């Protein structure tokens, strides 16, 4: 095992150990007292982190004007998980508002990504197709599109689709329709 691999494993193990110790410490600090403020803090903090976790994807959507880099089936399943979680809260005797907010954030943010994919991805495909057509079709400024004939008129150097070109005595192409 190389030195960089050993360092990476040591760092990853240290981070896992630190997070595990933090989790155990927080559980034992909150559970005996059932400090409602601490429990509410972690519920709100989880909601904020869920929302913040999707912000990079929204930035990509804004920059690229299409949904890329994320699996739409995965987002749909995540959205349905939020829907069913909210439904499960509705059937409880007491509705947990903080959990409902967290699940609703998932529903809204995942739903916006799915809607953006439905609207923006076809537009992006069309934009790429038009760009490809523009790049493959020569414009009027292209030197190979128009040539000067011997009589001073400009004629296309490539035949039009559906026509057969023959030359007369002066070298000017004459088109004959199929």
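The values are calculated or read from the model by the stated rules, or taken from the named source; none is laboratory data. Being a predicted model, the structure only gives us computed values, none of them experimental. Glycine also receives a Cβ, built like all others from the backbone with ideal geometry; neighbour counts cover every protein chain displayed.
Could you check segment 89-100 and list, in sequence order, the residues that are exposed (fewer than 11 other Cβ atoms within 10 Å of the Cβ) and not in a loop (DSSP other than H, G, I, E, B)?
90
Which count do you get for residues in segment 32-44 that are part of a loop (DSSP other than H, G, I, E, B) and either loosely packed, with under 11 Cβ neighbours inside 10 Å or modelled with pLDDT of 90 or more (or both)?
3
For residue 47, only one of the following conditions fails: (1) surrounded by 14 or more Cβ atoms within 10 Å (Cβ to Cβ); (2) modelled with pLDDT under 90; (3) under 16 Å from the mean Cα position of the chain (by Cα). What is its number?
So the condition that residue 47 fails would be (3).
What do you reckon, is residue 26 out of contact with any strand residue (DSSP E or B) (no Cβ under 7 Å at 6 or more places or on another chain), assigned to a helix (DSSP H, G or I), modelled with pLDDT under 90 and more than 14 Å from residue 101 (Cβ to Cβ)?
So residue 26 passes the test.
Residue under question is residue 102, and the condition is that it be over 16 Å from the mean Cα position of the chain (by Cα) and either modelled with pLDDT of 85 or more or within 30 Å of residue 37 (Cα to Cα) (or both); does it hold?
It is true that residue 102 is over 16 Å from the mean Cα position of the chain (by Cα) and either modelled with pLDDT of 85 or more or within 30 Å of residue 37 (Cα to Cα) (or both).
Which one of 41, 74 is under 27 Å from residue 109 (Cα atoms) and more than 29 Å from the chain's Cα centre (by Cα)? Steps first, please.
Values: 74 fails: more than 29 Å from the chain's Cα centre (by Cα).
Answer to the selection: 41.
Could you grab the pairs with beta carbons closer than 6 Å, sequence gap of 6+ or different chains, first residue in segment 48-62 and over 14 Å from residue 107 (Cα atoms), second one surrounded by 11 or more Cβ atoms within 10 Å (Cβ to Cβ) and at pLDDT 90 or above?
What qualifies is 61/67; 61/116.
Answer yes if at least one residue in segment 4-19 is within 30 Å of residue 113 (Cβ to Cβ) and exposed (fewer than 10 other Cβ atoms within 10 Å of the Cβ), and no otherwise.
There is no residue in segment 4-19 that is within 30 Å of residue 113 (Cβ to Cβ) and exposed (fewer than 10 other Cβ atoms within 10 Å of the Cβ).
Going through segment 63-76 one residue at a time, which ones are surrounded by 12 or more Cβ atoms within 10 Å (Cβ to Cβ) and part of a helix (DSSP H, G or I)?
64, 72, 75, 76
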